[in-house]
Amino acid sequence: QVQLVESGGGLVQAGGSLRLSCAASGLTFSRYVMGWFRQAPGKEREFVAAVSRSGPSIAYADSVKGRFTISRANAKNTVYLQMNSLKPEDTAVYYCAAASITAAQASEYDYWGQGTQVTVSS
């Protein structure tokens, strides 16, 4: 049974930082592209960042470039999202996801975590 468990969310003031983690189990982690998505109330789920199987290829949404950093530790079956210079508009539930192919859209990801809430106060 595949499980993706996010942690590290919380309440932070604008300009602050948070580090999200996503621990995976039940799959061969190194064979999966890992992504982070987010969904704010009343909005569609949107792509945040993705990292390739061994880590050299990374993509970010324009809205987070220069502020967020995705990384992975295959030995720990974990993917991270370091979020700096947070803004109120970053407030959302953040989800990690795993894709067996080079995925570009949320629908192409095979497995999803339950999400962790990030709230940025102004």
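The values are calculated or read from the model by the stated rules, or taken from the named source; none is laboratory data. Model, not experiment: these values are computed from the prediction. Glycine gets a Cβ as well: all are built from the backbone with ideal geometry, and neighbour counts include every protein chain shown. Only protein heavy atoms, including side chains, enter the accessible area calculation; ligands, DNA and RNA are left aside. Shrake-Rupley method; radii C 1.70, N 1.55, O 1.52, S 1.80 Å.
When restricted to residues that are open to solvent by less than 50 Å² (accessible area, probe 1.4 Å), touching a residue at least 60 places away in the same chain (Cβ under 8 Å) and not hydroxyl-bearing (Ser, Thr, Tyr), the range 30-50 contains 6. With respect to the conditions (1) of a type outside the set (S, T, N, Q); (2) closer than 19 Å to Ser7 by Cα; (3) open to solvent by 50 Å² or more (accessible area, probe 1.4 Å), Val79 falls short on a single one, namely (3). In the set (1) assigned to a loop (DSSP other than H, G, I, E, B); (2) surrounded by fewer than 18 Cβ atoms within 10 Å (Cβ to Cβ), the condition left unmet by Ala103 is number (2). Sub-7 Å Cβ pairs linking a first residue in the range 1-19 that is outside any strand (DSSP E or B) to a second residue that is of a type in the set (S, T, N, Q) and surrounded by 13 or more Cβ atoms within 10 Å (Cβ to Cβ), at least 6 apart or interchain, are Gly8/Ser21; Gly8/Thr116; Gly9/Thr116; Gly15/Ser85; Ser17/Asn84, ordered by first then second residue. Restricting attention to the range 58-83, which residues are assigned to a loop (DSSP other than H, G, I, E, B) and either among the charged types (D, E, K, R) or at pLDDT below 95 (or both)? Those that are assigned to a loop (DSSP other than H, G, I, E, B) and either among the charged types (D, E, K, R) or at pLDDT below 95 (or both): Asp62, Lys65, Arg67.
Could you tell me whether the range 41-50 includes any residue that is at pLDDT 95 or above, farther than 17 Å from Gln114 by Cα and of a type in the set (Asp, Glu)? Scanning the range 41-50, I find no residue that is at pLDDT 95 or above, farther than 17 Å from Gln114 by Cα and of a type in the set (Asp, Glu), so the answer is no. Looking across the range 42-99, the residues that are of a type in the set (S, T, N, Q), under 27 Å from Ser30 (Cβ atoms) and out of contact with any Lys or Arg (no Cβ under 6 Å at 6 or more places or on another chain) come down to Ser52, Ser54, Ser57, Thr69, Ser71, Asn74, Asn77, Thr78.
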